[in-house]
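Novice: Starting off with a structure, shown below.
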Amino acid sequence: MFDKLLFPTDGSDGAAAVFDHALELASAHDATLHVVNVADTTQMSVTHLQGQVVDALERAGAETVREAAGRAGDRGVATVTEVLQGEPYRTIVDYAETYGIDLVVMPTHGRQGLARFLLGSTTERVVRQSEVPVLTLRPDDDATVRYPYRNVLIPTDGSAPADAALDLGCDVADAASAGIHLLSVVDVTSLGVDVRADVRAATLEEAAEDLLADAVGRASAAGADPTTAVEFGGSIPRVIRSYVTDHDIDLVVVGTHGRTGFDRYVLGSVTERLVRTAPVPVLTTRGSSET
């Protein structure tokens, strides 16, 4: 399902750690891996010094992508390498659209400073702006990366991006022969402490069950037999992270925007917090209805 993968790299240890997973995915899907380094020429220091600094950035970038291509070749993965100039997040998003990339794979943070772009903020901007699904991984000791995936979690709020995430998650789970978990989280902070709280909680739980029923129907149509759960909590990302730990989840698939209001959580902000804090890879998609 993934024919072209894009891996933007700044040569940091974090990027190198995540590159292994990009190679696993490319190998499993017999995909071509595009390895790109972006020299951030939007920085004032680069703009003022011009030629020599830009040349140094490009030389370092060329070495970075050359080393990555060598590692990929050792795994039998075909690569395309590029060293580009510009604003990193915009350059990455434009590259993905121009070259028909199916999946962008990025670490959540990397090196900072003149010779490297700030990969953390770049990743979040790519997640928000990319029309292409983005797989993010935390290159930290407490993060867990296992492939093939065994259990895929898809939180849902019933929105169009959540439905897009469900479709994508079903495809990914099918390709990896993984189980699917569907989760709807009721935000208890909306209940207050008045005497009507119990009634409102019951109403929200019923709405969450209805959302899951719709999601199950969609997943079943794709040939899946999902596990479902409704959870209550004051922090939706924390509830999702707990579910990941308790149910041995290997991948979380979410939409980047969602509904707001009394009966829906804000999926976009939840997604951004998950990207920063989830102990497993997070796969995000905007969905075809997003602009």
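The values are calculated or read from the model by the stated rules, or taken from the named source; none is laboratory data. What you see is a predicted model; the values in this text were computed from it and never measured. In this analysis, Cβ positions are derived from the backbone assuming ideal geometry, glycine residues included, and neighbour counts consider all displayed protein chains. All accessible areas refer to the heavy atoms of the entire protein, side chains included, with ligands and DNA or RNA removed. Shrake-Rupley method; radii C 1.70, N 1.55, O 1.52, S 1.80 Å.
Novice: Multiplying the sequence separation of THR98 and ARG276 by 0.36 nm and subtracting their Cα-Cα distance, what value in nm do you get?
Specialist: Values: separation 178, 0.36 × 178 = 64.08 nm, distance 2.74 nm.
That works out to 61.3 nm of additional length.
Novice: Also, quick follow-up: How much accessible surface does GLU205 have with a 1.4 Å probe, in Å² rounded to 10?
Specialist: 80
Novice: Note down the accessible area of ASP171, probe 1.4 Å, to the nearest 10 Å².
Specialist: 80
Novice: For the full complex of protein chains and a 1.4 angstrom probe, list ASP248, ASP40 by accessible area with the highest value first.
Specialist: On the way: ASP248 70, ASP40 20 Å².
Largest accessible area first, the residues go ASP248, ASP40.
Novice: Okay, which of the range 145-162 sit inside 16 Å, backbone N to the point 7 Å along the Cα-Cβ direction of ALA213?
Specialist: Answer for the range 145-162: 158.
Novice: Label ASP174 and SER269 with points 7 Å out from Cα along Cα→Cβ: what is the distance between them in nm?
Specialist: 3.5
Novice: May I pose another question? Count the net charge of all other residues whose Cβ sits under 13 Å from the Cβ of TYR149, scoring Lys and Arg as +1 and Asp and Glu as -1. Mind showing how you got there, number by number?
Specialist: Details: positive: ARG146, ARG150; negative: GLU24, ASP171, ASP174, ASP248, ASP250.
Once positives and negatives cancel, what remains is -3.
Novice: Distance from the Cα centre of the range 128-171 to that of the range 209-253, in angstrom?
Specialist: 12
Novice: Please report the net charge: other residues with Cβ closer than 14 Å to the Cβ of HIS21, K and R +1, D and E -1.
Specialist: Working: positive: ARG71, ARG75, ARG138, ARG146; negative: ASP20, GLU24, ASP140, ASP250.
Summing Lys and Arg as +1 and Asp and Glu as -1 gives 0.
Novice: Okay, moving on. Given 0.36 nm per residue, what is the gain on full extension from ARG146 to VAL188 after removing their alpha carbon distance, in nm? Show your work: numbers first, answer last.
Specialist: Values: separation 42, 0.36 × 42 = 15.12 nm, distance 3.24 nm.
Stretched out fully, the ARG146 to VAL188 stretch lengthens by 11.9 nm.
Novice: Follow-up question, since we're still on this one. Among residues other than VAL134 whose Cβ falls under 12 Å from its Cβ, what is the net charge (Lys/Arg +1, Asp/Glu -1)? Could the numbers behind the result be given before it?
Specialist: Numbers: positive: ARG125, ARG128, ARG286; negative: ASP102, GLU124, GLU131, GLU272.
Net charge around VAL134: -1.
Novice: Okay, moving on. When only the heavy atoms of the protein chains count and the probe is 1.4 Å, how do ARG200, ARG238, ARG128 rank by accessible area, highest first?
Specialist: From most exposed to least exposed: ARG238, ARG128, ARG200.
Novice: Need the full-extension length gain, ALA78 to ARG238, defined as separation in residues times 0.36 nm minus the C-alpha distance. One decimal, nm. If you can, show how the numbers build up before the last one.
Specialist: Numbers: separation 160, 0.36 × 160 = 57.60 nm, distance 3.85 nm.
Gain on extension, ALA78 to ARG238, equals 53.7 nm.
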